Amino acid sequence: MPGAVVPRPRQGRQGAAEKTTGRQPSPVMVHRAGAARMRDAGCMCGGGSMKRSAGESEQQAKKQKLLEEIGESWLPYLTPRDAEFYQLWKTKYSKLILRTSDTVPKELHQVVQDAFLTLQKHGCLFQDLIRIKGKDCLTPVSRILIGNPGCTYKYLNTRLFTVPWPVEGSKIKYCNPEMFDACKALMKLNDYLYNETVQALKEQSLSETKETKDAAVTNKEQDFSTCVEGERTILEDQSSSYVPRTDCINLKSKTPYNLTLLNYMDPLQMLYLKQEPYFGMGNMAVSWHHDENLVERSTVAVYSYSCKDPVINRNQLQDLRGRDPAVWHVGLKIAWDIKTPGLALPLHPGDCYFMLDDLNMTHQHCVLAGWPPRFSSTHRVAECSRGTLDYIFRQCETALQNLQDDSESVALSLKSLEVTIVKEVEGIHNEVEFEWLRQFWFQGKRYRKCTDWWFEPMAKLEEFWKKMEIMTSLVLSEVGKEECTMEQRNEIVSCFLPFLTERQELRKEWTASDLSKSLIHMIYINRLLPYTSLCLIKASARCLE
């Protein structure tokens with residue numbers, strides 16, 4: 001039976017996957033383990049890399065434990081061909097909502113699909129350089145970020161910068177009229193998905209309110225404490241899916257999506273696609289994950305467009321076990337749970353799905369590759385408190401307040417050597433260099449294919465950075481003066497040295513990275529000559545002697 005709920009024996013993981021897909025995977029059907037360079041919802045500076053490593057180690061330990069518990073059997077999963085599929089969806093995956101293509105306006109389909117093809121035609125979709133387990137790799141999926149002007153989105157320690165869509169009142173110069181039309185179409189899709197999200201949250205709230213009332217009626221003859229406990233048990237059975245009506249109102253305020261991450265993959269052009277490791281679901285375009293760097297409990301909405309449904313000989317699929325390998329699917333599972341069957345939901349051209357509320361936190365999802373090329377537009381409420389141009393400019397303004405810039409004098413000086421101020425300035429200094437300038441320039445000229453919007457503010461940010469480099473040198477100059485007491489010197493250098501050391505280590509990391517071997521990265525390294533070097537660290541250390 002397809003998608004049977006009994007674990008299937010396997011002849012090693014790859015052999016079982018071949019049996020599950022009903023098709024021998026050729027070398028062009030499978031992705032290598034690890035696709036990646038530096039990224040993380042935190043930051044590379046300020047200990048971000050260490051936090052990332054700790055997180056990766058924990059995830060690896062959980063994965064290894066899960067694989068050991070599975071042993072030599074696949075975990076069960078269901079597809080729509082299984083009788084229990086819709087009951088499982090309702091009880092364990094109720095916050096996954098599907099809107100089939102026939103419910104989406106035809107004119108919206110047309111402009112969005114034209115936008116995808118426009119971006120592809122102009123070469124605006126790029127494989128990201130990321131780092132996983134200390135190795136630099138390219139993502140198998142090509143991407144571009146489009147959204148509110150000045151927003152960024154960080155995942156797996158790589159910061160992406162939005163190609164701005166034409167919000168009212170903005171002045172954005174696109175490279176050509178087609179690019180304007182494409183960004184406008186995706187903004188229109190964003191508005192449509194927002195409205196659908198609000199409607200889905202309302203429906204969820206009404207459904208859960210009804211469940212609550214029904215549970216209360218069922219238990220009305222029980223005493224009050226038993227009634228409350230019984231009601232809680234019923235609701236918690238859906239992996240904490242119950243959301244009080246007041247919470248739903250708060251959730252709606254979070255649903256306006258501020259950006260979309262567009263993805264594209266042609267599986268037949270891939271040399272290797274990674275096999276799904278737990279259920280035997282076959283080829284994966286994107287491995288199991290939680291979407292990161294999002295506003296807590298915010299919805300993720302996805303518009304899926306596989307360029308055409310494959311022509312399938314249905315006679316060949318009668319005995320197929322598991323999901324249809326020719327069709328793209330989104331796979332879901334409860335995070336680190338081996339008791340609840342997984343879910344594989346087929347996606348046809350123009351379908352939309354929504355991961356409501358905390359589904360992205362309690363569950364993991366993956367994208368299972370079909371045969372045709374596929375675009376997707378994944379709309380998110382990115383957590384941008386530290387990820388907008390306005391934010392980093394405010395940070396620079398704060399740091400540069402300590403620089404005495406006298407227009408009548410060539411000499412620059414610091415207003416204060418107070419430890420808290422020095423620490424704040426040097427922290428911002430690192431943030432500007434490693435979270436913004438290097439992140440932007442290593443991606444090279446990709447944004448020029450769409451718009452030049454980012455280049456002026458980044459040039460301004462670079463000027464701020466140069467002033468902060470001077471401020472670093474001024475601190476060392478001041479503590480080296482005879483009038484600075486030993487106590488003052490030790491106090492300043494003790495707080496100052498960790499930032500210099502971190503800066504030096506991160507510069508080494510970026511230079512030694514595989515990125516440094518690319519022409520794009522070398523262009524960036526030449527742009528930003530590192531004023532602060534190891535000699536300054538040594539000078540700081542000498543001040544402590």
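In this structure, LYS154 does not satisfy being open to solvent by less than 30 Å² (accessible area, probe 1.4 Å), in contact with a Leu (Cβ under 8 Å, 6 or more places away or on another chain) and under 30 Å from PRO80 (Cα atoms).
With more than 19 Å from the chain's Cα centre (by Cα), assigned by the TED database to the domain that holds MET281, touching a residue at least 60 places away in the same chain (Cβ under 8 Å) and surrounded by 15 or more Cβ atoms within 10 Å (Cβ to Cβ) as the only criterion, which of LEU145, LEU88, LEU129 stands out?
Details: LEU145 fails: more than 19 Å from the chain's Cα centre (by Cα); LEU129 fails: more than 19 Å from the chain's Cα centre (by Cα).
Unique residue meeting the criteria: LEU88.
Pairing residues of segment 443-457 that are at positive phi with residues that are surrounded by fewer than 17 Cβ atoms within 10 Å (Cβ to Cβ) and not hydroxyl-bearing (Ser, Thr, Tyr), at Cβ distances under 8 Å and at least 6 apart in sequence or on separate chains, gives GLY444/ILE520; GLY444/ILE523.
Residue-wise test of (1) free of Cβ contacts under 8 Å to residues at least 12 places away in the same chain; (2) open to solvent by less than 20 Å² (accessible area, probe 1.4 Å); (3) in contact with a strand residue (DSSP E or B) (Cβ under 8 Å, 6 or more places away or on another chain).
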position: TRP336; (1), (2), (3): no, no, no
position: PRO346; (1), (2), (3): no, no, yes
position: GLN364; (1), (2), (3): no, yes, yes
position: ARG380; (1), (2), (3): no, yes, yes
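Can you tell me which residues in segment 67-85 are in contact (Cβ under 8 Å) with a residue 12 or more places away in the chain and surrounded by fewer than 19 Cβ atoms within 10 Å (Cβ to Cβ)?
Those that are in contact (Cβ under 8 Å) with a residue 12 or more places away in the chain and surrounded by fewer than 19 Cβ atoms within 10 Å (Cβ to Cβ): LEU67, GLU69, ILE70, GLU72, SER73, PRO80, ARG81, GLU84.
So that you can scan it fast, the table gives a plain yes or no per residue for (1) at pLDDT below 95; (2) open to solvent by less than 30 Å² (accessible area, probe 1.4 Å); (3) at negative phi:
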{"position": "SER241", "(1), (2), (3)": "yes, yes, yes"}
{"position": "MET281", "(1), (2), (3)": "no, yes, yes"}
{"position": "CYS307", "(1), (2), (3)": "yes, no, yes"}
{"position": "ARG314", "(1), (2), (3)": "yes, no, yes"}
{"position": "GLN318", "(1), (2), (3)": "yes, no, yes"}
{"position": "THR340", "(1), (2), (3)": "no, yes, yes"}
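When residues in segment 490-512 are screened for being free of Cβ contacts under 8 Å to residues at least 24 places away in the same chain and either outside any helix (DSSP H, G or I) or not β-branched (Val, Ile, Thr) (or both), 5 of them pass. Of all residues in segment 346-374, exactly one satisfies the criterion of being under 15 Å from GLY280 (Cα atoms) and either over 21 Å from the mean Cα position of the chain (by Cα) or among the basic types (Lys, Arg) (or both), namely GLY370.
The values are calculated or read from the model by the stated rules, or taken from the named source; none is laboratory data. Keep in mind that what you see is a predicted model, and the values were worked out from it rather than measured. Cβ: placed from backbone, ideal geometry, glycine included. Neighbour counts: every protein chain shown. Keep in mind that these areas ignore ligands, DNA and RNA; they rest on the heavy atoms of the full protein, side chains included. Shrake-Rupley method; radii C 1.70, N 1.55, O 1.52, S 1.80 Å.
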